[in-house]
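Here is the structure we will look at, set down as structure tokens.
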Amino acid sequence: MVLNLDYRAHMNRIFLAALQFLLCTLPLMGQQVLSGFVYDNSSGEAVIGAVVAAPAKGLGAISNTYGFYSLTLPSSDSVLIRADYPGFQRLEIKVLPKAGKRQDFFLEPKELELEEVLITDQKARENVERPTMGVLDLNIDEVELLPAIGGEVDILKVLQLLPGVQSGTEASAGFYVRGGAADQNLILLDEAQLYNPFHLAGFLSVFNSSAIKNVTLYKGSFPAQYGGRLSSILDIATKEGNMQSYHMEGGIGLIASRLMVEGPILKNRASFMLSARRSYLDLLIRPFLPFGRTQAYFLQDLNAKVNVRLSDRDRIYLSTYAGQDRFIDETLVPDQDTSRFDLGWGNRTVSFRWNHLFSSRLFANTSLIYNRYANGQTQQYFGNFFSQQRSEVRDWSAKVDFDYYPGPRHQIKFGAFYVYHDLTPNRSEARFPVAENRDTTIRSLSRAFTHEAALYVQDEIILSDRLSVQAGLRAPAFVGDDTSYIALEPRLTARLGLGPNASIKGGYTVMNQYLNQVASSAINNPFDFWLPSSRTVLPQRAAQFAVGYFQNFSEDRFEASVELYYKTMTNQIDFAEGVSGLTDDYESLLVFGKGWAYGAEWYIKKRSGRLTGWLSYTLSWNWRQFDDLNRGDKFFFRYDRRHDISLVTVYRFNERWSFSSVVVYGTGNAVTLPSGFFNVPVGPGSQTTYVDYDRKNSFRMPAYQRLDLGLRYTKPGPKVNQGFHIDIYNALNRRNPFFLYLGTERDPRANASRIVGRQVSLLPMIPTFTYVFDF
């Protein structure tokens, strides 16, 4: 009898499970899945973020990074499908019942209509309707209209004009997001990580705008496929290459010249893109140097990409980047050895990606990636002294990402990631004469070989017209020479609609970081080295809460938002007080603490018409606390900035002329300065001066203010479009602080010395003329 009851209970459970499965699948019955890719018909490139929708059914989908979309439709009757993307003509087709499941869209570009076209790369209400928050997209066409220092359009400097993102020092391309440090930003170029994305010690980024297709910054809702950093993810994709015709564009500016060439290898099947940039100040000053003297600084970038459609279901990409900075100072004295100083740093990346469409619901991308960052310097003085220092990071990565579309309002992402790190933090060699012989010393911080891996899954579902949720879980693991770490990173955001034009969103994100940059100064020093986590250096960890209100108005011509956030950070790293040099036992020089940041971000953007632009304002607090620093008391982080305001405007007079301006105001950075000096006798008739420091980062630099202006002119031609850019950086010639220091000067009234503060300013007003062409 007992066996019979157990049997019946078991059958009941099976029946209930089968019934539950049937009820879950009933909504999918009587439906068809329409999927495919959205392309730019003029170039054959994939269109990212295009909207494919059935307006009559209230259903829609957005194309992913590779242009793929999947849309579930009712199959009982014909449905009108519309494909939309700003700057392209709307394309409509009618899908018949039981029609084929594959439908690609080829969108035709349209002429700019100043009063109607939305100058943006998002659909009109995506900021309100999607559950994600803290996500910022840059439109490259819009970026190229803004003023640029030295004529070099820099996407990292434009990011600094957005809410929650701030600059570091004067004219630096470095950026700091919601209280984080510079090394807490993950910067990806075609999925390859860049450890130092800067030229000129941080004054210019390595990204050539002519080669860039899409830029997305995540500072709040981190998708589960990303990890390894605490503050932000900057995902940059390069152009794929025109599959229809050959195209060339470039510019000649004050700092550098650039050129981009693209075209078909096999029309509609394969294409290439090649972009190069180089500075040329070294070539200009060479004739003016004295005989026997060589002094040169140059930077160069090279981007290349090949894109091949193997079939309707398969596509491969092979892309590479190589960038370098080099400074050489050499003096040749007759009948003597050469005095030489050689300094250089740079990145190398190679990315191979394979897209495969398993079915109308399942899309996959598989990537193999290599990236390398190296820096080094060599000094030699007439053969009597030689020194060399070098640091290097090499990564070999593999990853696979799946996009699955089970229903019309349901998308699941899942995948796996692995990277092998080979780190040489610092290797030094020196030779110098001792008596008549040469002595050699070598110092090398321990070379580290580490492994980092992760599994992730993310589910985005629209539960109703008002409520949608994006929930994800990432499980990273790290294995070093002497330890291993495993963690869980929950990701959750939700949206509550308040009508067709407004919504409230909230989110919670956890991130871990296993590689750490040890910074020696406030600028983006290319010789700051990277260290892995260990038994002593624990992984950094951050948790962020955020909530925001989003509103569109005036028929979506304006979008506005306010976001509040609170972020906690553990295992933060700094140098111990009084540390002035590097030793083999580098971990003994470090101290560990915690940090927290909170604030509010306001943003309003005008999206269409002759006048476009945005206003952003960030109010924030950024704290650190280390038991071994500042007497254990909390202190402001170096880049704590109470107020940060940016006003960006672009006015298009017509298709040829446009004018732009950028106004920036920011509270001065927190700095540590001596609170006093005192003299102590050390012997008869002699004394030494001691410096007294009170509190860490207890002083403020003067506020930062800047006005930039830009004028653009383009003359269309039958084959060649050409024009010029006139830019004025710091148009009011304001002396903004680069750094402060205390010195002494003679006080004639008291006939004694007194302590005075001094400010070093870097860049005055800089006008620039750039010639541009496109054919």
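Derivation of every value follows stated rules applied to the coordinates shown; laboratory data play no part. Remember, predicted model here, so these are calculated numbers, not experimental data. No Cβ is skipped: glycine too gets one built from the backbone with ideal geometry, and neighbour counts run over all protein chains shown.
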Legend entry - Relative compactness, the stretch 185-298, computed as alpha-carbon Rg over 2.2 N^0.38 Å: 1.39
Inset, instruction - Quick one: grab Rg to one decimal and Dmax as a whole number for the stretch 222-279, Cα atoms only, in Å. - result: 16.4, 43
Legend entry - Cβ-based net charge around PHE363, under 12 Å, with every Lys or Arg adding one and every Asp or Glu removing one: +1
Inset, instruction - Return the subset of LYS213/LYS267; LYS110/LYS715; LYS267/LYS715; LYS57/LYS213 for which the Cα-Cα distance in this structure is over 25 Å, preserving the input order. - result: LYS267/LYS715; LYS57/LYS213
Legend entry - Shape of the stretch 37-91, Cα gyration tensor, a/c cut at 1.5: prolate
Inset, instruction - Calculate, in nm to one decimal, what LEU310 and LEU96 gain on full extension: separation in residues at 0.36 nm each, minus their alpha carbon distance. - result: 74.2 nm
Legend entry - Relative contact order (%) - the stretch 211-319, alpha-carbon pairs under 8 angstrom, separation at least six: 20 percent
Inset, instruction - Report ³J(HN,Hα) in whole Hz for each residue of the stretch 560-571, in order, from the Karplus equation J = 6.51 cos²θ - 1.76 cosθ + 1.60 where θ = phi - 60°; Gly and Pro get x. - result: 9, 7, 9, 10, 10, 9, 9, 10, 10, 9, 10, 6
Legend entry - From phi via Karplus (6.51, -1.76, 1.60), per-residue ³J(HN,Hα) for the stretch 642-647 in Hz, x at Gly/Pro: 5, 10, 9, 10, 9, 10
Inset, instruction - Restricting things to alpha carbons, tell me how big the stretch 386-435 is in terms of Rg and Dmax, in Å. - result: 23.5, 82
Inset, instruction - Please list, or write none, the lysines whose alpha carbon is within less than 20 Å of the alpha carbon of LYS399, excluding same-chain residues fewer than 8 places away. - result: LYS305, LYS413
Legend entry - Burial ranking of peptide ranges 647-659, 125-137 (average Cβ count within 10 Å, highest at the top): 125-137, 647-659
Inset, instruction - Run the numbers on the stretch 132-276 and let me know its relative contact order in percent, using alpha-carbon pairs under 8 Å that are six or more apart. - result: 23 percent
Legend entry - Alpha-carbon Rg with Dmax, taken over the stretch 542-678, Å: 21.4, 67
Legend entry - Over the stretch 135-193, relative contact order from alpha-carbon pairs under 8 Å, at least 6 apart, %: 18 percent
Inset, instruction - Take peptides 185-196, 704-715, 457-468, 253-264 and line them up by average Cβ neighbours within 10 Å, highest first, as a rough protection proxy. - result: 185-196, 253-264, 704-715, 457-468
Inset, instruction - Take the Cα coordinates of the stretch 164-238, assign each an equal point scatterer, and use the Debye formula without solvent to give log10 I(q)/I(0) at q = 0.19, 0.28 Å⁻¹. - result: -0.81, -1.52
Legend entry - Ordering of 504-510, 366-372 by burial proxy (mean other Cβ atoms within 10 Å per residue, highest first): 504-510, 366-372
Inset, instruction - Net charge near ASP708: determine it from the other residues with C-beta under 10 Å of the C-beta of ASP708, scoring Lys and Arg +1 and Asp and Glu -1. - result: +1
Inset, instruction - Taking a cut-off of 17 Å between Cα atoms, list the lysines near LYS594, but don't count ones fewer than 8 places away on the same chain. - result: LYS567, LYS634, LYS696
